[in-house]
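Below is one structure, written out as structure tokens, with a few remarks after it.
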Amino acid sequence: MSDATKGHNGLPADNLPVWLPNITLEKAVQAQIGDFEKILSVTPQKGSSEGENYSSLFLRLLVEVELLDHSTKNLSFVLKAQHNNEVLGAILTRLQLFHKEDQMYHNILPKFEQLYAEVGKTIQFAPRAFKVDRDLGVDYILLEDLHRKNFKNENRLTGLDLDHMHKVLEKLAAFHAASACYVEHNGLFGDEFTVGVFSEANRQLLQEFNASGAFLAQLKKWKNAHKIYEKLADSDDYLVDRLLQDQQYNAREFNVLNHGDCWANNIMFQHDAFGTIKEVLFVDFQVGKYGSPANDLYYLILSSAAPELKTAKFDYLVRYYFDNLVENLKLLQYHRPLPKLKNLHAALFRNGLAAYMVVSKVLPVVMLDKTNNANLESYMNDESKMKTAMFTNPKYVQVMTEVLPWLDNRGLLDWK
């Protein structure tokens, strides 16, 4: 790898992974541009800023290529790899998150897109994925750099406006419809998707990830939240039991492959010169889970819709998603009974714990300003500065003064 250990953009050479100099990208470059003469250099850049990534190492690889006519061309790839931290690396390995994501990018998503191609519709769900030339000895995902095509995230702190929510729900409905038709054609997904991380073997890890002590300590102090606090005060005693129960898919219901982590930072938008949304793509497919679409709907709307939309437009957004879901199922010639809106709402009511998990575990992270203390270890430590900042953030507290009563009035906190 030419010049791959050169420090660049705040990434000094001694901070580079020891395996990085062994990376070669001939196959990836060939897949991008066809035949070429040689790779002149590969320069790594930091791929994400502090406070924006919690569990993986992200690098942007800038590649200078000499073409057959001896001119040069610059390419860019995004490399996502297992974290240098041994504890975090062990967790990712145990949960097989990179294995799942590799399957998604290289096997499952292309088949979803092919289902649409067969009925005359061109659709893309994610950036194009590539393989390096030889084994690196670490888990990794290599992707096209969407920034080169002017894709970007919207501001997670302000949330997605109605136009952006429409476009995301359209793409999510198409993704879910493809997954339902995929099962119809190919049979059920494997255990890594039907069970995922929600197994008895992972009970201790689930308890550590989902401990509510820091949240409940602050909830107790919030104005007019006493009754809700009383309802949730001992929830850590039974939360994981209920989580393991709720995340078992019900074969008698309409099920889809949920993205599983569908929030603003995992959604990329491309706009035209006038600001109109041209394309929406998803990234980060490590925790996909087969089950009720209620999971993705709660995750997306409650974590990433603008505050004024989360509850006021919730039912409207569900209906918008549902109409697009049915339209895509018909397009793909889905042969099983089409889902009904009333059944989707019933699933949303049955999965109240999923809503609580989003607003108490995900939303405070989404609304947290960038901080160097933001990492997975801090997230799992109830005494960390990050945890305190999450639940004392005035913007989060303000949103929760509306969201929590809304959940309670719908009976979505009655999952004991």
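A Cβ distance below 6 Å, combined with a sequence gap of six or more or placement on separate chains, defines the contacts here; from region 180-202, residues that are under 18 Å from residue 354 (Cα atoms) reach no residue that is of a type in the set (Asp, Glu). Filtering region 67-101 to residues that are within 19 Å of residue 136 (Cα to Cα) and in a loop (DSSP other than H, G, I, E, B) leaves 83, 84, 85, 96. Going by the structure shown, is residue 113 among the charged types (D, E, K, R), within 18 Å of residue 132 (Cα to Cα) and crowded, with 16+ Cβ neighbours inside 10 Å? It is false that residue 113 is among the charged types (D, E, K, R), within 18 Å of residue 132 (Cα to Cα) and crowded, with 16+ Cβ neighbours inside 10 Å.
A quick yes/no check of all residues on (1) surrounded by 14 or more Cβ atoms within 10 Å (Cβ to Cβ); (2) farther than 18 Å from residue 290 by Cβ:
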site	(1), (2)
176	yes, no
182	yes, no
188	no, no
192	yes, no
196	yes, no
202	yes, no
207	no, yes
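Each residue in region 142-158 was checked for being more than 17 Å from residue 276 (Cα to Cα) and either crowded, with 18+ Cβ neighbours inside 10 Å or in contact with a strand residue (DSSP E or B) (Cβ under 6 Å, 6 or more places away or on another chain) (or both), and 7 pass.
Residue 191 falls short on exactly one of the conditions (1) out of contact with any strand residue (DSSP E or B) (no Cβ under 8 Å at 6 or more places or on another chain); (2) under 30 Å from residue 75 (Cα atoms), and that condition is (2). When the residues of region 209-234 are filtered to those that are surrounded by 14 or more Cβ atoms within 10 Å (Cβ to Cβ) and under 26 Å from the mean Cα position of the chain (by Cα), the one that is nearest to residue 399 (Cα to Cα) is 215.
Would you pick out the residues in region 302-314 that are assigned to a helix (DSSP H, G or I) and touching a residue at least 12 places away in the same chain (Cβ under 8 Å)? Don't jump to the end; show me each part of the working.
Looking only at region 302-314, we keep the residues that are assigned to a helix (DSSP H, G or I), and these are 302-304, 307-310, 314.
The answer is 302, 303, 304, 307, 309, 310, 314.
Whether a residue is assigned to a helix (DSSP H, G or I), touching a residue at least 24 places away in the same chain (Cβ under 8 Å) and either of a type outside the set (S, T, N, Q) or not assigned by TED's automatic domain parsing to the domain that holds residue 179 (or both) was assessed, and residue 216 does not pass this test. If you go through region 222-242 and pick out every residue that is at pLDDT 95 or above, charged (D, E, K, R) and outside any helix (DSSP H, G or I), you end up with 1.
Tell me, please, whether a residue that is at pLDDT 80 or above, closer than 27 Å to residue 154 by Cα, within 26 Å of the chain's Cα centre (by Cα) and not assigned by TED's automatic domain parsing to the domain that holds residue 285 can be found in region 64-75. Outline the logic, then answer.
Going residue by residue through region 64-75, those that are at pLDDT 80 or above are 64-75.
Checking which are closer than 27 Å to residue 154 by Cα leaves us with 74-75.
Imposing the further condition that a residue be within 26 Å of the chain's Cα centre (by Cα) reduces the set to 75.
Adding the requirement that they be not assigned by TED's automatic domain parsing to the domain that holds residue 285 leaves 75.
Yes, the conditions are met somewhere in region 64-75.
Might you check whether a residue that is of a type outside the set (Asp, Glu), part of a helix (DSSP H, G or I), over 21 Å from the mean Cα position of the chain (by Cα) and more than 20 Å from residue 322 (Cα to Cα) occurs anywhere in region 121-144?
Here is the first cut: in region 121-144, the ones of a type outside the set (Asp, Glu) are 121-132, 134, 136-138, 140-143.
Narrowing the set further to residues that are part of a helix (DSSP H, G or I) leaves none.
Within region 121-144 (the criterion being of a type outside the set (Asp, Glu), part of a helix (DSSP H, G or I), over 21 Å from the mean Cα position of the chain (by Cα) and more than 20 Å from residue 322 (Cα to Cα)), the answer is no, since none of the residues qualifies.
The values are calculated or read from the model by the stated rules, or taken from the named source; none is laboratory data. Everything numeric here is computed off the predicted structure, so don't read it as measured data. Counting neighbours? That spans all protein chains shown, and the Cβs are built from the backbone with ideal geometry, glycine included.
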